Amino acid sequence: MDIWIMAEPPIWKEQLKKQQFDRLFPILVDAFTERLYWHIRSILLRHDWTDDVLQECYIKTWKALPNFRGESSFYTWMYRIATNEALALLKKERRFQLQDGPLDFKLNADPYFDGDAALQKLMMQVSELPDKQQTVFKLKYFQNMPFKEMSELLDTSIGALKASYHHANEKIKEGLNLKDIG
Amino acid sequence: MKEQGFNIPEDYFDSKKQALKEIMPEKELPTKRLSKLYPWIAAAAVVLISLSIIPIRRSTQADGLNFSDLQDEQIIDFLNEDPNSLDPALFLDLNLQDSIESTDELDVESIESYLNEHSTEYL
C-alpha cells in the first residue's frame, strides 16, 4: 500500500467528534511519530533541530485538536503542521546566523549524521537553494513524495512545485558538475 | 533516509513517544471548555441587547415632540435667528379670528388716532 494514501481508522474521527481528545492524542502519537520525525528530518537534516520541531508539532496538534474539523485526514493535517514548523525553524536559524546566504546546517557537528562525503557535498549545494526549492527538492529526494501530496502540504500548485523542483535540480547538477541526480 | 547516514539515538522513538504523550496533562485545552459555552454566551448577549433596546424604542415612539417641552428662550432664540421662516401664529396664541372680526367694527378715525399714537414705534 502506498504510504501517502494510508486509510485512517474511522474511530479516530468519531473520537474527534465526541471530543475524546485524551484518548485520541496517544493514538496519533503512536501512529505518526516515526513518519513525522523523518519528514521533519528530511527538511532540517539535523537530529537536534528535528527533535525540537517534533515536540513543538505535537504541542500544536494537542492544542489545535478541539478546533480541527476533520475535513482532511489526520495525516495531512499533522504533516502540514510539521512542515510549517520545520520551515519556521529554518527561518529562525537563518536570522540567528545573521546571514542572507545559504544556511549552514553544520552537519559535521551532528553526532547522528555519518553520511559520506558525496552526501555532505550534495547537502551543501541544496542549502544554497531558496527555502521553497530546497524543501521541494528534499521532500522529493529523501521521501519521493508525490507532487500531489506536496501540493497539499505546502499549499502550492502542482505546476509551481514541478517548476521549483526542476530549477533546484538544474542548479544542483550545475553546482556538482553532474548530468543527473540519483 | 536512515540508510543515507541520518541516524537517531538508541530507543529514541520509544522514549520520545512516552514524552510526547505527557504533553496532554501539561498543556490544558482552554478553548475546549470555552468553545462549548460560546453558543450560550452569544444567545444570552442577544437577549440582553434586545431587552435593553425595546424600552428605548417604546419611549421614543410614545413621546412625540411638543412645544411645551421647549423653553421660552429656545423658541425666542430660534425666531431671532430667522423670524420669517415660520408663521408666529403657530407658536403664539393670537386668536386671529377674533382680531379679524373686530377690525370690521373699527372706523377710520379710530385707526388714524391709533396710528398717530403709535407711529414712533415703527421708526
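The values are calculated or read from the model by the stated rules, or taken from the named source; none is laboratory data. Keep in mind that this is a model prediction, so the values were computed, not measured. When we count neighbours, we look across all protein chains shown, and the Cβ atoms used for this are built from the backbone with ideal geometry, even at glycine. Each accessible area value is taken on the protein alone, full model and side chains, heavy atoms only, with ligands, DNA and RNA left out. Shrake-Rupley method; radii C 1.70, N 1.55, O 1.52, S 1.80 Å.
Scan A:L103, A:L153, A:L107, A:L139 and give me the residue that is among the hydrophobic types (A, V, I, L, M, F, W, C), outside the structural domain of A:F32 (by TED's automatic domain parsing), modelled with pLDDT under 85 and open to solvent by less than 50 Å² (accessible area, probe 1.4 Å).
On the way: A:L103 fails: outside the structural domain of A:F32 (by TED's automatic domain parsing); A:L107 fails: outside the structural domain of A:F32 (by TED's automatic domain parsing); A:L139 fails: modelled with pLDDT under 85.
Answer to the check: A:L153.
Select from the range A:12-51 the residues that are more than 8 Å from chain B (Cβ to nearest Cβ) and among the basic types (K, R) and list them in ascending order.
Our first condition is that a residue be more than 8 Å from chain B (Cβ to nearest Cβ); within the range A:12-51, this holds for A:12-18, A:20, A:23-24, A:27-28, A:31-32, A:35-36, A:39-40, A:43-44, A:46, A:48-50.
A:K13, A:K17, A:K18, A:R23, A:R35, A:R46 - these are the residues of the range A:12-51 that are more than 8 Å from chain B (Cβ to nearest Cβ) and among the basic types (K, R).
Being open to solvent by less than 50 Å² (accessible area, probe 1.4 Å) and either farther than 20 Å from A:A82 by Cα or within 15 Å of the chain's Cα centre (by Cα) (or both) is the requirement here; does A:Q125 meet it? Can you show your working first?
Values: open to solvent by less than 50 Å² (accessible area, probe 1.4 Å): yes; either farther than 20 Å from A:A82 by Cα or within 15 Å of the chain's Cα centre (by Cα) (or both): yes.
Yes, satisfied.
From the residues in the range A:135-147 that are of a type outside the set (F, W, Y) and free of Cβ contacts under 8 Å to residues at least 40 places away in the same chain, which one is farthest from A:N84 (Cα to Cα)? Before the answer, list the steps.
As a first pass, look at the range A:135-147 and keep what is of a type outside the set (F, W, Y): A:135-136, A:138-140, A:143-146.
Adding the requirement that they be free of Cβ contacts under 8 Å to residues at least 40 places away in the same chain leaves A:136, A:140, A:144.
Details: A:V136: 13, A:K140: 17, A:N144: 19 Å.
Across the range A:135-147, the extreme among qualifying residues is A:N144.
Of everything in the range A:40-99, what is farther than 27 Å from B:S15 by Cβ, open to solvent by less than 60 Å² (accessible area, probe 1.4 Å), at pLDDT below 85 and in a helix (DSSP H, G or I)? Give them in sequence order.
Across the range A:40-99, the qualifying residue is only A:R94.
Count, please, the residues in the range A:15-32 that happen to be β-branched (V, I, T) and crowded, with 20+ Cβ neighbours inside 10 Å. Write out each step before concluding.
Restricting attention to the range A:15-32, the residues satisfying the condition of being β-branched (V, I, T) are A:27, A:29.
Those left that are additionally crowded, with 20+ Cβ neighbours inside 10 Å: A:29.
The qualifying residues number 1.
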